[in-house]
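Everything on this sheet refers to the single structure shown next.
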Ligand SMILES: [Zn+2]
């Protein structure tokens, strides 16, 4: 069970100008990403993206 992190949904392509939530680098348009939503405000989920393939920086493994 993951707590305090995003629930990654499916692999897709990010809109132009999005950044990877893991490495904070700009996502290239041809890079597959994993999409998630996070609710900063109730009822207003915001999409976030993370590299689905190789992420340039190592990530902290979820506990
Ligand atoms: Zn990344």
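Bear in mind that the values in this text are calculations on the coordinates, not laboratory data. Just so you know, these numbers come straight off a predicted model, no measurement behind them. No Cβ is skipped: glycine too gets one built from the backbone with ideal geometry, and neighbour counts run over all protein chains shown.
Classified by the C-alpha gyration tensor, the stretch 7-51 has a prolate form. Its axis ratio a/c, with a ≥ b ≥ c, is 1.5 or above, and a/b is larger than b/c.
Distance between the modelled labels on residue 47 and residue 19, one decimal in nanometres: 1.9 nm (7 Å Cα→Cβ projection).
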